[in-house]
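Read the structure below first, then the notes.
The values are calculated or read from the model by the stated rules, or taken from the named source; none is laboratory data. As the structure is a computational prediction, the values presented were derived from the model and not from experiment. In this analysis, Cβ positions are derived from the backbone assuming ideal geometry, glycine residues included, and neighbour counts consider all displayed protein chains.
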Amino acid sequence: MKRIHHTLPFLTLLALPLSAHEGHPHVPPALYADKLAYAPRPLPDRIVLTWRGDPATTQAVTWRTDTTITRAVAEFAVANEAGRTLKGESVTARTEPLTTDLSEAHYHSAEFTGLTPETLYAYRVGDGVNFSEWFHFRTASRDGKKFTFVYFGDAQNDIRTHWSRVFREAFREAPRAAFTLHAGDLINNAHRDGQWGEWHGAPAWVNATIPVVPTPGNHEFAKLDEKDANAPRALSLQWRPQFTLPEHGPAELAETCYWFDYQGTRIISLDSNRLQEEQVPWLRAVLEKNPQRWTVLTFHHPIFSPANDRDNPKLRALWKPLIDEFKVDLVLTGHDHTYARSGDMAGRARVGAINAAKGYNQVYDPAVGTVYVVSVSGPKMYDLMSDAWAVRTAEDTQLFQIITVDGGELRYEARTATNRVYDAFTLRKREGRANELLETLPLETRRPPKAAVGKE
């Protein structure tokens, strides 16, 4: 039987560290400064895949380092099952300096071209000696094969603490997504590098393997000199250095107004913040020359709003006639920090007014078939105030949307931060007619909307 005194020296030792701190004041932890948390390093970070060209034969990648790195390269090769035998083809990257509120950095961008469609590639980025890990990406098919993408409304606030869980839940639900689409207000303060650090950090390595399709929101614009009352609002300093996007839109809207085709679907980004009228002839040309079976349009400000004080009659008058004329299938927006989705109102009991009037004010026209969505993925929330046009709504609910295009069907699911299915429908193509809209979930119980309040 062991004696108690054998344990006394051990207990004494346990007490020593406590005694050593006696007489010293307790220093509470301090908030870790953004300047330290998001400082650039010689090794690559903020690695993001995008497209500037054809997703079947090209892939663009952008990354960041500190200013000691003046030569940057990207290597790529067809992925194999014996990683040590990878022999990558080298591409010299374009490097541009960027001074932000936190630091000076170099952003590097490269494009892989001449790729084989429907092929898994491996790639890495670095300075030629020090590289990132190898990542994978898959080129698109030339055919209209089934694919899935994820759509996020505004992330904007508390990205690291609250939006990250939504993104990661979306990735768990759709790990093989072709791309993630972000409908504006990715961050809250356009030029704040710490917030961009949060946005890149929340998806972590996923942005390096699943391409990003962003459209700018109003919070991607701000004065470069906040002290100058007359200074114009400018696109985020970080936008173009960190995203390599198509430049075939109007010259003043390079990399914010663009389109690309993916496996039978044309994805179009419009810049709803500026030069709205100038985008009309460009959009007409893009829709007229569209050979794809499906068309998805994204921009930030909804033309049908669930808020009384955020209606967009001017934008609706400009853009909806074209949406109607060319029977755009799906319009994905953000901005209003609620959820609202249009559909067929016929025979449905509503609270308040019935479906909007005819013409460009009509939300759902069965002869056109376009479905409009407003959604939010971040924690900043508003009240519903003008939702009578929508067949499904939500407030105080973080959401992500899984959209699958499968031949003549487009299947849509909105899921909560806990991965509960909140809304779902299917669009079916019909020869010579508008899409058939099939509701998947029972009708929601609706309370009267709240009174209008001021919003930013």
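Some observations on this one:
- Long-range neighbours under 8 Å by Cβ, at least six apart or interchain, first residue over 9 Å from Glu118 (Cα atoms) within region 130-143, second among the small types (Gly, Ala, Ser) and surrounded by fewer than 19 Cβ atoms within 10 Å (Cβ to Cβ): Trp134/Gly83; Trp134/Ala122; Phe135/Ala122; His136/Ala79; His136/Ala122
- Test for Asp387: is it modelled with pLDDT under 90, charged (D, E, K, R), in contact with a Pro (Cβ under 7 Å, 6 or more places away or on another chain) and buried (at least 18 other Cβ atoms within 10 Å of the Cβ): yes
- The residues of region 65-90 that are exposed (fewer than 14 other Cβ atoms within 10 Å of the Cβ) and either among the acidic types (Asp, Glu) or under 29 Å from Gly197 (Cα atoms) (or both), listed by number, are Thr68, Thr70, Arg71, Glu81, Glu89, Ser90.
- Set Ile303, Ile267: member being assigned to a strand (DSSP E or B), within 20 Å of the chain's Cα centre (by Cα) and not basic (Lys, Arg): Ile267
- Close pairs from region 200-214: first within 18 Å of Arg160 (Cβ to Cβ), partner assigned to a helix (DSSP H, G or I) and of a type in the set (Phe, Trp, Tyr), Cβ under 8 Å, at least 6 apart: Ala202/Trp163; Ala202/Phe167; Pro203/Phe167; Pro203/Phe171; Val206/Phe167; Val206/Phe171
- Residue that is basic (Lys, Arg), closer than 20 Å to Tyr382 by Cα and either in contact with a helix residue (DSSP H, G or I) (Cβ under 6 Å, 6 or more places away or on another chain) or assigned by TED's automatic domain parsing to the domain that holds Glu409 (or both), where the choices are Arg293, Arg274, Arg310: Arg310
Let's see how each residue does on (1) among the polar types (S, T, N, Q); (2) touching a helix residue (DSSP H, G or I) at 6+ places or on another chain (Cβ under 8 Å); (3) closer than 18 Å to Ile402 by Cβ:
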{"residue": "Arg172", "(1), (2), (3)": "no, no, yes"}
{"residue": "Ala183", "(1), (2), (3)": "no, no, yes"}
{"residue": "Trp199", "(1), (2), (3)": "no, yes, no"}
{"residue": "Trp205", "(1), (2), (3)": "no, no, no"}
{"residue": "Ala208", "(1), (2), (3)": "no, no, no"}
{"residue": "Pro211", "(1), (2), (3)": "no, no, yes"}
{"residue": "Ala222", "(1), (2), (3)": "no, no, no"}
{"residue": "Glu226", "(1), (2), (3)": "no, no, no"}
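- Elements of the type strands (runs of 3 or more DSSP E) sitting completely within region 98-144 and holding at least 3 residues that are in contact with a strand residue (DSSP E or B) (Cβ under 7 Å, 6 or more places away or on another chain) and of a type in the set (A, V, I, L, M, F, W, C): these cover 104-112, 120-126.
- Qualifying positions in region 163-180 - under 16 Å from Ala204 (Cβ atoms) and part of a helix (DSSP H, G or I): Trp163, Ser164, Arg165, Val166, Phe167, Arg168, Glu169, Ala170, Phe171, Arg172
- Positions within region 21-60 being in a loop (DSSP other than H, G, I, E, B) and small (Gly, Ala, Ser), in sequence order: Gly23, Ala30, Ala33, Ala39, Gly53, Ala56
- Thr62 fulfils the conditions (1) surrounded by fewer than 20 Cβ atoms within 10 Å (Cβ to Cβ); (2) in contact with a His (Cβ under 8 Å, 6 or more places away or on another chain); (3) of a type in the set (Val, Ile, Thr) except for a single criterion, (1).
- In region 201-242, the residues that are surrounded by 19 or more Cβ atoms within 10 Å (Cβ to Cβ), part of a loop (DSSP other than H, G, I, E, B) and not hydroxyl-bearing (Ser, Thr, Tyr): Ala202, Pro203, Ile210, Pro211, Pro216, Gly217, Leu237, Gln238
- On inspection, Val421 fails the criterion of being touching a Lys or Arg at 6+ places or on another chain (Cβ under 7 Å), crowded, with 20+ Cβ neighbours inside 10 Å and not small (Gly, Ala, Ser).
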